[in-house]
Amino acid sequence: NAGVTQTPKFQVLKTGQSMTLQCAQDMNHNSMYWYRQDPGMGLRLIYYSASEGTTDKGEVPNGYNVSRLNKREFSLRLESAAPSQTSVYFCASSPKETQYFGPGTRLLVL
Amino acid sequence: KQEVTQIPAALSVPEGENLVLNCSFTDSAIYNLQWFRQDPGKGLTSLLLIQSSQREQTSGRLNASLDKSSGRSTLYIAASQPGDSATYLCAVEDNAGKSTFGDGTTLTVKP
């Protein structure tokens, strides 16, 4: 099992560009999450999906959209990137309680 | 809105010491509380999960306690080792499945 995988690992964008962060899990988990982590801080929930076909806003959803494509995949889209979105993005999945995290995507918006 | 605070923000101890990390939360209506470890540049690894009805969980040299009524949890690390150096985060999950994280405690264990 690969667990939770994220692509890309690193990305540099210019202000106004768009991109999609990909996340996939092979553990047959129902719930999936997107977080961002800024330097010296904990994780803040952007969006989550309790099951295939459902998504809900977290603490900091503005500027982001998500798609739960199927049970395995949960993508995060930045339509018009801003420097304030420079961060490390983590995807996680959960069968019910314990969350399993991917390695993260480091995003720099210039 | 749930707020999670971790004190201290950083801690440095000599190898072999026992230590306690603290986590407090403002809303006691939680589903569970989880402690994670994060190594530099890496993702998070779950250490211990305590259900809201439980008082503590143990794994090896780690023991986590939960006092839901006072909004506090502690992570006790016995006989610390240099390999324990990392950032430790606590997270509380509500009944809707949303988790709120603290900012973490960065632990350095000196040989």
Using θ = phi - 60° and Karplus 6.51 cos²θ - 1.76 cosθ + 1.60, couplings along region B:60-73 (whole Hz; Gly, Pro as x): x, 7, 9, 9, 10, 10, 9, 10, 5, 5, 9, x, 9, 9
statement: At 25 °C and 0.890 mPa s, the Stokes-Einstein diffusion coefficient in µm²/s for region B:23-70, with hydrodynamic radius from the Kirkwood sum on alpha carbon pairs, is 208
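Remind me, relative contact order of chain B in percent, using alpha carbon pairs under 8 angstrom and six or more residues apart? Let's see the in-between values first.
On the way: 284 pairs, mean separation 41.5, N = 111.
37 percent.
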field: Quotient of C-alpha Rg and 2.2 N^0.38 Å, computed over chain A
entry: 0.99
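Rank the residues B:Thr100, A:Thr20, A:Thr55 as a footprinting-exposure proxy: fewest other Cβ atoms within 10 Å of their Cβ go first.
Numbers: B:Thr100 23, A:Thr20 13, A:Thr55 18.
Lowest to highest Cβ neighbour count: A:Thr20, A:Thr55, B:Thr100.
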query: Which residues' amide hydrogens lie under 5 Å from the amide hydrogen of B:Thr108, considering only partners 5 or more residues apart or on another chain, with H built in the peptide plane?
result: B:Leu11, B:Ser12, B:Val13
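Lysine pairs in the protein assembly as shown with Cα distance under 15 Å, only those 8 or more apart or on different chains: how many are there? Could the numbers behind the result be given before it?
Working: A:Lys9/B:Lys42; A:Lys57/B:Lys1; A:Lys57/B:Lys98; A:Lys71/A:Lys96; A:Lys96/B:Lys98; B:Lys1/B:Lys98.
Here the count comes out as 6.
Values in this text are rule-based calculations from the coordinates and carry no lab data. What you are looking at is a predicted structure, and each value in this text was computed from that prediction instead of being measured. In this analysis, Cβ positions are derived from the backbone assuming ideal geometry, glycine residues included, and neighbour counts consider all displayed protein chains.
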